[in-house]
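K.L.:
Shown below is the structure under consideration.
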Amino acid sequence: MSAEKYLQMIQQDIHSVVFATIDENQFPVTCVIDIMLADKDGLYFLTAKGKAFYERLQNQPVISITGMIGNDTLSSKSVTLRGEVREIGQGLLSEIFEKNPYMKAIYPNAASRTALTVFQIYKGSGEFFDLSQKPIFRERFSFGGMESHMQYFFVTDKCNGCECCVKICPQNCIDISSCTTKIQQEHCLHCGKCMEICPLQAIERRTL
Ligand SMILES: Cc1cc2nc3c(=O)[nH]c(=O)nc-3n(C[C@H](O)[C@H](O)[C@H](O)COP(=O)(O)O)c2cc1C
């Protein structure tokens, strides 16, 4: 699925996500924030200028967010992304209040809305993770020119096809149907058992 579709999923299906920001002591702080709009250029959220959250964003305009849908673990899907934000002010406020009418109950009049300001997550990379499928399904995406920095396991040409890894993989996602052993990245849990058990150290942890 495209990055834009995942951004839409965050805005429409998940909507309230957990944000991690960094405080003045370099400690991570989390809070729940609603994603108000999404388009091909990113995600948009608002906050009030009096909040400590606003101060954290001003001091260090980087975020990591996670949201999920589902009633229990085995029916859940999550989307996580990290990226950079910029304040764009009040320009999108009317559109945000039109698309999210419940906001009128929180900030009922024009005077109270002057406290608000909008931020855009304008570049980011993330991952969709679906535990409702068996084997699990995961997919990376990025937007705004940000590169992905995710880890994965890779079978090198030191492999002699002994199949130790195939037998231990909890998701049965190591493919030996061709002459090279291949990890199906979209189904891999990243548990690391294949790397641990390989007698030839043929499996490496790599970063994309
Ligand atoms: C479901 C839910 C959605 C929220 N959405 C927002 C939001 O979009 N913007 C916001 O500033 N605060 C929102 N909040 C409130 C923040 O989570 C809360 O103000 C934050 O934890 C305060 O952090 P701070 O004291 O570090 O600024 C929401 C809270 C909940 C429970």
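K.L.:
From the residues in segment 1-35 that are touching a Lys or Arg at 6+ places or on another chain (Cβ under 7 Å) and within 10 Å of the ligand (Cβ to nearest atom), which one is nearest to M146 (Cα to Cα)?
P.N.:
Across segment 1-35, the extreme among qualifying residues is T21.
K.L.:
Pairs please, first residue from segment 21-38 and in the same structural domain as T117 (by TED's automatic domain parsing) and farther than 19 Å from L116 by Cα, second anywhere and away from the ligand (no atom under 12 Å from the Cβ) and among the polar types (S, T, N, Q), Cβ atoms under 6 Å, 6+ apart in sequence or on different chains.
P.N.:
I22/Q60
K.L.:
Take E196 and tell me if it is farther than 20 Å from R140 by Cβ, in a helix (DSSP H, G or I) and free of Cβ contacts under 8 Å to residues at least 60 places away in the same chain.
P.N.:
Answer is yes for this residue.
K.L.:
Please verify whether G83 is more than 12 Å from the ligand (Cβ to nearest atom), crowded, with 16+ Cβ neighbours inside 10 Å and not in a helix (DSSP H, G or I), treating the condition exactly as stated.
P.N.:
Here the answer is yes, as G83 does meet what is asked.
K.L.:
Scan segment 93-116 residue by residue and report those that are touching a strand residue (DSSP E or B) at 6+ places or on another chain (Cβ under 6 Å) and surrounded by fewer than 17 Cβ atoms within 10 Å (Cβ to Cβ).
P.N.:
Selection gives A115 alone.
K.L.:
Suppose the filter is of a type in the set (S, T, N, Q), modelled with pLDDT of 95 or more and under 18 Å from S125 (Cα atoms); does T73 pass it?
P.N.:
No; evaluated as a whole, the condition is false for this residue.
K.L.:
Which of the residues spanning segment 38-50 are more than 7 Å from the ligand (Cβ to nearest atom) and touching a helix residue (DSSP H, G or I) at 6+ places or on another chain (Cβ under 6 Å)?
P.N.:
Answer for segment 38-50, where residues must be more than 7 Å from the ligand (Cβ to nearest atom) and touching a helix residue (DSSP H, G or I) at 6+ places or on another chain (Cβ under 6 Å): A38, K40, L43.
K.L.:
Next question. For segment 54-70, give me the residue count where each residue is within 10 Å of the ligand (Cβ to nearest atom) and either hydroxyl-bearing (S, T, Y) or under 18 Å from Y122 (Cβ atoms) (or both).
P.N.:
3
K.L.:
Being outside any strand (DSSP E or B) and modelled with pLDDT of 95 or more is the filter here, so list the residues in segment 116-138 that pass it.
P.N.:
Within segment 116-138, L131, S132, I136 meet the criteria.
The values are calculated or read from the model by the stated rules, or taken from the named source; none is laboratory data. Note that the structure is a prediction, hence the values are computed from the model and not measured. Virtual Cβ from ideal backbone geometry, glycine too; neighbours counted across all protein chains shown.
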